[in-house]
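The values are calculated or read from the model by the stated rules, or taken from the named source; none is laboratory data. Since the structure is predicted, the reported quantities are computational estimates derived from the model, not experimental observations. These area figures cover heavy atoms from the full protein model, side chains too; ligands, DNA and RNA do not enter into them. Shrake-Rupley method; radii C 1.70, N 1.55, O 1.52, S 1.80 Å.
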Amino acid sequence: MKIAQHFRAFLERHHYLQLPQIGRFEVVGENPVASENGSAKKWINFSADKDQATDSNLVTFISDNMKIESCITASDLGSFIGSIKELLIQGFEVEIPGIGYLHFESGNILKFSGKNIYKKTTQKSWKKIPAAMSSSFWL
């Protein structure tokens, strides 16, 4: 769904992003922790709200940028939200492209993070297989 690529632009322009049945992302200033290269990043606050309504400004913004009718944008947004909710219910972490990641914590609390919570997996090096056990032994 290509609508998600417009979320960050909307957030940067309007300083908020309301996703229906998910919640509200709001730019609240500079991140108190400087980024790796020393430049400050915007701090995004998230308020979960399962009753969050569809934001008509978001629908209009995406419709104008994609040059499609607002009813199609609203339908696509609904489908996107449905897939997010389904993945969250299954226990997965979900990326909101250009914004961050959502996941449920214990107590069924929806949390937002700017970074992926899953640890980076390190590639293990191949172990040498003794000649007696190599696949040519079985041929």
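For the stretch 8-18, the set of residues classified as farther than 12 Å from Leu77 by Cα, open to solvent by less than 70 Å² (accessible area, probe 1.4 Å) and not in a helix (DSSP H, G or I) consists of Tyr16, Leu17, listed by residue number. Any idea which of Ala34, Ala48 is open to solvent by less than 80 Å² (accessible area, probe 1.4 Å) and modelled with pLDDT under 90? Going through Ala34, Ala48 in turn, just one is open to solvent by less than 80 Å² (accessible area, probe 1.4 Å) and modelled with pLDDT under 90: Ala34. If only residues of the stretch 87-137 that are modelled with pLDDT of 90 or more and small (Gly, Ala, Ser) are counted, the one that is most open to solvent (accessible area, probe 1.4 Å) is Gly91. The residues listed here are Gln21, Gln5; of these, the one that is in a loop (DSSP other than H, G, I, E, B) and at pLDDT 70 or above is Gln21.
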